Structure formats: structure tokens, C-alpha cells
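Below: the structure, in C-alpha cells.
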Amino acid sequence: MNTSAPRRGGAADPARLLAWEVLRAVDERGAYANLMLPALLNRRRLSPRDRGFATELTYGSLRAQGTLDGVLGTVTSRPVDTVDPPVRDALRLGTYQLLSTRVPARAAVASTVELVRATCGERPVRFANAVLRRVAARVEETAGDVAVLLSAPDVSVDPVGHLSVVSAHPRWIVEVVLEALDGDVAGAQAALAANDERPGVHLVARPGRIGADELVAQAAAAGLQAHRGACSPYAVHLDGGDPGALTAVVAGDAAVQDEGSQLMALALAAVPMVGRSSGLTVDLCAGPGGKAALLAAVLATEQSPGAGLLPGGGPPAGAAESLPGGGAAAGARLLALEPRAARAGLVAASLAGFPAAHVVRADGRVPPVRPGTADRVLVDVPCSGLGALRRRPEARWRRTPADIAVLAPLQRQLLVSALDLVRPGGVVAYVTCSPHREETSEVVSAVVGQRADVVTLDARRSPIFADLPADSLGSGPFVQLWPHLHGTDAMFLALLRRRSD
Ligand SMILES: C[S@@+](CC[C@H](N)C(=O)[O-])C[C@H]1O[C@@H](n2cnc3c(N)ncnc32)[C@H](O)[C@@H]1O
């Protein structure tokens, strides 16, 4: 990556220049802002204030891109997508400052014009100046009310159109969220607003390796504010700072992992087994290995005398009577599959220190495992990631419905493969980081509808979700988590058992 600041003429403010560079990389090369911004911030010497401002400008402008283009469209005579992209990105940054920050209008316009001059030369300067002055006037007239500025339809007439404007999401994503929330408009508004919140850093204290309280204490000793998570017994939230500074993270005893992801792996591990256990757990889509490592840690812990899945010891309620021997089978092992070499490498790194876990580079649709042999299979399928939009500021404008049309058939094939792998009495956890029904319940229904040998369990009744309000988990039998309700990514879980009768 070339990290020196581009220069054509004049001097741009360093925070704005850095934000513009990230926007260009996202636009031009499909870069991920959440990877590129920290890398650039590490290389440039910016004051803490400028670092904060650059971050707000970058993430805010990317999230609001549709709104910003809409506002620009009200003041330009030509379509915004015909404006030279480097100039357009600068105009987006300027419009964001005018709409959503406390930067005085005059300073927002002047600094953006300087940015255009420094990065694009003299030619577009007059155009940029005229456009931004008009935006500033429109923002003043409407007191910055986006609904008024963009003539949002009334929520009672066109809820999707209204939410699309006020939450700065494309219409199709609003439809997806509204449908997943059974038409609850207020809920959808809260869910979409949560995509604008910066997610906190969640750590998992891997059971058998480090306790959650110990991890909190370690963070405090390193000068980081941390506290226990509300959903997963192994979760610790960091209020800021670098998780890589913790020795537990360096040693692989703890790792960064969303609490919702933790719950998905734990819910699979907590399902009581029926019939004779083989001891084999398979993670069919393992990369980069977060859930695989938690499963491996749980399996290892269950084999230790006196240890169990839940803090406080013992297998989950109701499990003991149906688990042969009252716990995981002796010799329990985990097989993690991942087809992409680089990601398989990440899985291997994540599983280092778990001798009963193995990584194989393979396609989950043709797994190198005898059918009908696994106790448990996790199939955390490749998905649109619409459940993690708060982590990827640009993703809401980059994803399209066409992506779903490609993903859904693969998801169905992977679920079929997972069901074929489990033995009678064994269980599959079908997981997505998306609330889109075409990736969640519709995939499960399509596959289960074709099979008489599969029973859908009520995932909401897993002891893993016992501390969450029952009515927050969806109408069942699946579990749908949400950032605005649980503070997690919007993870979906179906638990499916292969009949043993
Ligand atoms: C949602 S991610 C899994 C996340 C992982 N479970 C974790 O917690 O770290 C989906 C993974 O499936 C992999 N994948 C894509 N196509 C696959 C296939 N045909 N078979 C198995 N895995 C596949 C992707 O490379 C990606 O690493």
C-alpha cells in the first residue's frame, strides 16, 4: 500500500485527506474501510483529535453514502454518478460535515474545496465550491432534517421509503430487515439505526484456558477498561484500546469474537446428544476459525474431570441424562474444513494448542468424512453479512440482491451436506451472520422440507439463551439475534436433529 499522502496543489487538512484516501480506495479498489483506516492511521502522525475526526468522517461518510448522494443530487444539474469519482468523494465528505457534524458550514466548505484543490487540481475547484455552498444553504433551510431535505415519504404511506431515507440504507435492505422483524416498523428503525453504531470489541475467554473474570483483571492490569458480557458466559467487552496488547490474546487463550458468534457455537455444544456418541464434531465452513476454536475449547473442557460447558461446571440442564457418560465422549475431536488456503491457515492458527482439533482444506459440499458419523456439525455458511453491517461501513451500498441469489443455492448445498454428515441422533447448527430470510429460514425450510429424517429443534429453548428475554429471540423455532436488542451481530441459528427412530 502506498501510504504517502497524494499531493497536487495546496495543502489539505490531514484528517480530511486521510478520510478521502480511504473513500477512494473503497470506491476504486473495493478496499475494506475497517482494515484500511487503522492501517493508515498507524502510519501517519495525526493528533488524537485528528485521528478521531478522520475516523468519524470516514465511517460516517461511507455509511451515509446514499443519503449524501441524494442531497448532492438535489443541488447539481447532472447526475451525481457522472461526477469525477475523486471529486465526488470529496463532495461526499463535505456534505457529511455539513449534515452530520458540528464543523461550521463555512469551514466545511472551505476545507473541502482545499481538499479538492490538493487532490484533484484546480479545474474542479469552482464546481466543488458552488455545489457545497448550495448544499450548505439547503442544510440551513431545512435545519439538517434529512427527511425534509430528501422529501422522504410519510412512514404511514411508504414505511420502506421512509426508513430508507432516514436510516441511509438502500430500500432492499430495509425490506429485508422489516420482513425479518415481521413488519415491525419501529423495530426495523432501531435495527437500522444500530448499523450506524460503532460496535464495541468483544473478546472470548476460551474455556479451560482463561476465565472471563481473569481476562477482565488482565485487561485492567494492562490499563484497559473491560467488563463481562451480558449474553455469553465467556464474553468480555473492552471499552477501548488494543486487544492485541493482552497476553491472553497473544497466547490464544482469548480472542476477539462477537458475543453472538460465541452463542452460536455454544448452542450447538449444549444440545443434548441422543444415542451412541462418536465423539466427532465437524465445522464445515470454519475460516477464520473463531467458532471452531470455541468448540474445541468446550470439547477439551468437557473431557476434563469435573468440568462442564457452563461456568459453574456440569453439562447444561437436561443434558446429563441423555449424554452417554454425562459429557462429551472420551476422545472427542473436532474437524474443521475450509476450502480457501489463506483462511485454512487462519483456522490452523486459531486451533493451535487444541490437539484434538484438525484443519483440512476441503469444500464442505464434498467433505472428506464418512456420512452419518458426526455427533455435531456446525455449518456457518458464507453469507451476505447483512447482520454485521455495523462492522463494515461501506457494505450496505456494496451488497446487492444479486449476491443473495448466488449465495442461497450454496447455502442449501452446504446444509444438505451437513445433515448427511451427522449420525442418527446427531445435531446440525445452521448459522448465518444475516437476518435475510432467503439466507436463513427459507434455506432451512427448503432443505428440511425435502427430508423425512430431520427434526427442527426449538433453538430458543437452548439453555445458552436462558438469560435473554424469550420474546427477543424471534417467533421460533429459530433464533435471530439483533444488534439493537442483544448488542450482538444479527446472527441466525437453526438447530436440526437427524432422527434416530
Ligand atoms: C461465515 S464464514 C465462517 C466463519 C467461521 N465459522 C468463524 O466463526 O470464524 C464462512 C466460511 O465458509 C467458507 N466457504 C466458502 N465456500 C465454502 C464451501 N463450499 N465449503 C466450505 N466452506 C466454504 C468461506 O471461505 C468462509 O471462510
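So is residue 444 outside any loop (DSSP other than H, G, I, E, B) and either in contact (Cβ under 8 Å) with a residue 24 or more places away in the chain or touching a helix residue (DSSP H, G or I) at 6+ places or on another chain (Cβ under 8 Å) (or both) or not? Yes.
Can we say residue 452 is farther than 16 Å from residue 364 by Cβ and touching a helix residue (DSSP H, G or I) at 6+ places or on another chain (Cβ under 9 Å)?
Values: farther than 16 Å from residue 364 by Cβ: yes; touching a helix residue (DSSP H, G or I) at 6+ places or on another chain (Cβ under 9 Å): no.
Considered against the rule, which asks whether it is farther than 16 Å from residue 364 by Cβ and touching a helix residue (DSSP H, G or I) at 6+ places or on another chain (Cβ under 9 Å), residue 452 comes out as no.
Checking the structure you have, find out if any residue of the stretch 126-139 is in a loop (DSSP other than H, G, I, E, B) and within 20 Å of residue 106 (Cβ to Cβ). No, because not a single residue in the stretch 126-139 is in a loop (DSSP other than H, G, I, E, B) and within 20 Å of residue 106 (Cβ to Cβ). Within the stretch 333-342, restricting attention to residues that are over 11 Å from residue 292 (Cβ atoms) and within 12 Å of the ligand (Cβ to nearest atom), the residue that is surrounded by the most Cβ atoms within 10 Å (Cβ to Cβ) is 339.
Kindly indicate whether any position in the stretch 420-431 is at pLDDT 95 or above, in a helix (DSSP H, G or I), within 16 Å of the ligand (Cβ to nearest atom) and open to solvent by 40 Å² or more (accessible area, probe 1.4 Å). Within the stretch 420-431 (the criterion being at pLDDT 95 or above, in a helix (DSSP H, G or I), within 16 Å of the ligand (Cβ to nearest atom) and open to solvent by 40 Å² or more (accessible area, probe 1.4 Å)), the answer is yes, since at least one residue qualifies.
Across the stretch 217-249, the qualifying residues are those that are among the polar types (S, T, N, Q) and either buried (at least 19 other Cβ atoms within 10 Å of the Cβ) or touching a Pro at 6+ places or on another chain (Cβ under 7 Å) (or both), and the one among them that is farthest from residue 463 (Cα to Cα) is 218.
Residue-level check: of (1) at pLDDT below 95; (2) part of a helix (DSSP H, G or I), residue 53 misses just (1).
Candidates are the residues of the stretch 357-382 that are within 28 Å of residue 272 (Cβ to Cβ) and near the ligand (Cβ under 10 Å from one of its atoms); the one that is surrounded by the fewest Cβ atoms within 10 Å (Cβ to Cβ) is 367. Of all residues in the stretch 161-183, one or more are small (Gly, Ala, Ser), part of a loop (DSSP other than H, G, I, E, B) and open to solvent by 40 Å² or more (accessible area, probe 1.4 Å). The one condition from (1) outside any helix (DSSP H, G or I); (2) within 14 Å of the ligand (Cβ to nearest atom); (3) more than 13 Å from residue 496 (Cα to Cα) that residue 413 does not meet is (1).
Screening residue 254 on (1) of a type in the set (Gly, Ala, Ser); (2) within 11 Å of the ligand (Cβ to nearest atom); (3) at negative phi shows it passes everything except condition (2).
Against the definition (part of a helix (DSSP H, G or I), under 17 Å from residue 462 (Cα atoms) and either open to solvent by 10 Å² or more (accessible area, probe 1.4 Å) or within 14 Å of the ligand (Cβ to nearest atom) (or both)), how does residue 269 come out, yes or no? Break it down stepwise before answering.
Numbers: part of a helix (DSSP H, G or I): yes; under 17 Å from residue 462 (Cα atoms): yes; either open to solvent by 10 Å² or more (accessible area, probe 1.4 Å) or within 14 Å of the ligand (Cβ to nearest atom) (or both): yes.
In short, yes.
The values are calculated or read from the model by the stated rules, or taken from the named source; none is laboratory data. Everything quoted here is computed from the prediction, not taken from an experiment. All Cβ positions, glycine included, derive from the backbone under ideal geometry; neighbour counts span all protein chains shown. Side chains are part of the model used for accessible areas, which takes the heavy atoms of the whole protein and leaves out ligands, DNA and RNA. Shrake-Rupley method; radii C 1.70, N 1.55, O 1.52, S 1.80 Å.
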